[in-house]
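Notes follow once the structure below has been shown.
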C-alpha cells in the first residue's frame with residue numbers, strides 16, 4: 001500500500017521548549033511534502049506537556065519558523081495539554097477493560113522485582129487494591145511488538161523485556177507515550193514521520209493503540225542529522241535553528257531545498273529543486289537509513305546559487321529591508337555588482353557599504369596591501385582613470401588592465417591597493433565594477449587620500465631576495 005494516498009494524514013508534533021531545530025524543521029518538511037504529494041492532511045500538534053519549559057513564546061517561534069520556510073498546515077495548532085479530557089477518558093476505558101491497572105510500586109520495589117526475576121525481564125506489577133498509585137499498561141509476556149518501518153524495515157521488540165510501563169501519574173495526568181498514542185488515534189493519523197530517536201517509544205505507543213483497539217499508523221523513522229565531524233548536530237557546528245539561519249541571511253527556498261536533501265534524494269544528480277519538484281518527487285520510503293550530514297558550507301553554496309538567480313529588484317528590496325534603507329537606484333547598482341559574490345543576504349551590505357559610507361579603517365588590510373609598490377600603482381591608476389571620457393565598468397577595465405604589465409607586477413599588486421583605497425577592505429565586488437559604481441569623483445578622492453597617507457607614512461621598502 002503506497003504512502004501516497006488521498007486519505008493520508010500526517011502530523012508534525014514539536015515540543016515548545018525552544019526554537020525550531022534544523023532536525024525538527026526537516027521532520028516538519030518531510031511531513032509537509034508527504035501531505036502535499038498525496039493531497040493529504042498535515043496536522044500541527046503542539047506537545048506542550050512539559051509545563052516547566054513549554055512557553056507561548058516558544059510556540060510563536062516555532063510557528064514563525066514554519067511560516068518562514070513556507071510550511072503550512074491544514075489543522076491546528078492543537079495543544080496536547082488541552083486534550084487532557086480525552087486522555088482521561090481513554091485511561092478510564094483501559095482501567096475498566098483490565099488492560100491497565102493502578103500500581104503503587106516505588107522505584108525500589110521495581111528494582112527488587114527485577115533482581116528476583118532476572119536481568120532482561122520486564123517488570124510486571126499487581127493492581128493496588130486501594131486504587132492508588134500510577135497507572136500501568138499490561139504488556140504481553142510473550143511475542144514481539146513489531147514496528148514495520150518504512151525506512152528501517154521490520155524492527156522487533158521482545159515483549160518479555162518490556163516493563164508494564166506507566167502511562168499516567170497517580171493524579172491521572174497522562175504521560176508522553178500514552179498521550180501521543182491517544183492523540184494519533186483520535187486525529188486519524190495514518191503515517192508518523194519523525195526522527196529515529198523516537199523509535200524506542202514506538203513499541204510503547206503500539207501497545208497502547210492495541211489496548212485501545214485502534215489500528216496503528218505506519219511509521220517512518222528518519223535518521224538524525226550529524227555535523228561534518230560525524231557527531232550529532234549541535235550549535236558547535238554553526239547555526240542550529242531555523243531562526244539562526246534566517247537571521248544569518250539564508251533564503252527560505254534555499255533552506256527548504258537543502259534540508260529536503262538531508263537524507264533524501266530524487267534519484268539523480270539534481271540538487272536545485274524548487275518546491276513543486278520537491279512535492280512531486282518526495283516519498284518518505286526513499287529516505288536513506290544512514291545519518292545525513294548538515295554542512296553549512298554546502299548550504300552557503302546552495303544559497304548563493306539561489307541568490308544569483310533572484311530578480312534584481314527583489315534582491316534589492318531584500319537588502320534594503322535588512323539594512324533599513326530605501327531600494328533606490330544606487331543600492332540597486334550596488335546589489336547588481338554584489339550578486340555574483342555574496343552567498344547570504346547579510347553578506348551583501350558589507351560588500352557595498354563603501355558606496356554609501358567612507359572606507360572602513362582596516363589597519364590589517366592596509367598593512368597587508370600597501371607595500372612599496374603601492375604608491376606607484378595607485379598613481380598610475382589615478383592617472384588612467386582621470387583621463388577617461390566615460391566611467392562604465394568596461395571603460396574602467398580598459399584603463400586599468402594595461403597597468404600591471406607596464407609595471408611588471410601581478411594584477412593583484414595593482415588592483416588590491418585600489419580596492420583597499422576605495423573600500424577599506426581586501427574583499428569587495430569586482431574591482432572594475434566597484435570603481436564604476438562608486439564614480440569618478442569619489443574614486444579619485446579616495447585614491448588621493450590613500451596616496452597622502454602613504455606619503456605621510458611610507459611603506460617599508462621591499463627586502464631584496466637573497467642570492468641563490
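Counting residues in segment 146-270 as N, plug N into 2.2 N^0.38 Å and put the Cα Rg over that result. Don't skip to the answer; put the middle values down first.
Numbers: Rg = 18.2 Å, N = 125, 2.2 N^0.38 = 13.8 Å.
Dividing the Cα Rg of segment 146-270 by 2.2 N^0.38 Å gives 1.32.
Distance distribution P(r), segment 311-355, all Cα-Cα pairs, bin width 5 angstrom from 0: 5, 27, 44, 22, 2 percent.
Using Cα-Cα distances under 8 Å and only pairs 6 or more residues apart, what relative contact order does segment 82-222 have, in percent? Relative CO of segment 82-222 lands at 25 percent. To the nearest ten degrees, helix 296-308 and the longest principal axis of the Cα atoms of the chain are 60 degrees apart.
Using the 10 angstrom Cβ neighbour count as an exposure proxy, how do 54, 406, 434 rank, fewest first? Before the final figure, lay out the partial values.
Working: 54 19, 406 10, 434 25.
Neighbour counts put them in this order, fewest first: 406, 54, 434.
For segment 335-434, treating each Cα as an identical point scatterer without solvent, what Debye log10 I(q)/I(0) comes out at q = 0.12, 0.24, 0.25 1/Å? Result of the Debye calculation: -0.40, -1.35, -1.39.
Starting from the Kirkwood radius over alpha-carbon pairs of segment 1-98, derive D by Stokes-Einstein at 20 °C in a medium of 1.002 mPa s and give it in µm² s⁻¹.
146
Relative contact order of segment 126-201, taken over Cα pairs closer than 8 Å and 6 or more residues apart, is 27 percent.
Suppose R0 equals 35 Å; then what is the FRET efficiency for residue 243 and residue 405 from their Cβ-Cβ distance, rounded to the nearest 0.05? Walk me through the numbers before you get to the answer.
On the way: r = 51 Å, r/R0 = 1.45.
Working from the Cβ atoms, E equals 0.10.
Ellipsoid fit via the Cα gyration tensor, the chain: semi-axes of 64, 23, 20 Å, each the root of five times an eigenvalue, largest first. If the chain linking residue 364 and residue 232 were pulled fully straight, counting 0.36 nm for each residue of separation and taking away their Cα-Cα distance, it would gain 43.8 nm. Spacing of the modelled spin labels on residue 346 and residue 159, each 7 Å from Cα toward Cβ, amounts to 5.4 nm.
By count of other Cβ within 10 Å, fewest leading, how are 231, 298 ordered? Please list the in-between numbers first.
On the way: 231 10, 298 15.
Lowest to highest Cβ neighbour count: 231, 298.
Here the extension length gained between residue 64 and residue 427 equals 127.3 nm, from 0.36 nm per residue of separation less the Cα-Cα distance.
Given a Förster radius of 51 Å and the C-beta distance between residue 286 and residue 397 as r, what FRET efficiency does 1/(1 + (r/R0)^6) yield to the nearest 0.05? Walk me through the intermediate numbers first.
Values: r = 49 Å, r/R0 = 0.96.
In this case the efficiency is close to 0.55.
Centroid-to-centroid, using Cα positions, segment 54-84 and segment 303-374 are 36 Å apart.
Relative to the longest principal axis of the Cα atoms of the chain, helix 312-323 runs at roughly 80 degrees. With a simple spin-label model that places each label point 7 Å from the Cα along the Cα-to-Cβ direction, the separation between residue 171 and residue 321 comes to 4.5 nm. Counting only alpha carbon atoms, the long axis of helix 411-423 and the longest principal axis of the chain meet at about 80°.
With R₀ set to 56 Å, the beta-carbon distance separating residue 457 from residue 199 gives a calculated FRET efficiency near 0.25. Computed from the Cα positions only, the extents of segment 75-179 along the three principal axes stand at 48, 44, 24 Å, in decreasing order.
For 315, 101, 30, what's the fewest-to-most ordering of other Cβ within 10 Å of each Cβ?
Ascending number of Cβ neighbours within 10 Å: 101, 315, 30.
Each reported figure results from applying straightforward, stated rules to the coordinates on display, with no laboratory input. What you see is a predicted model; the values in this text were computed from it and never measured. No Cβ is skipped: glycine too gets one built from the backbone with ideal geometry, and neighbour counts run over all protein chains shown.
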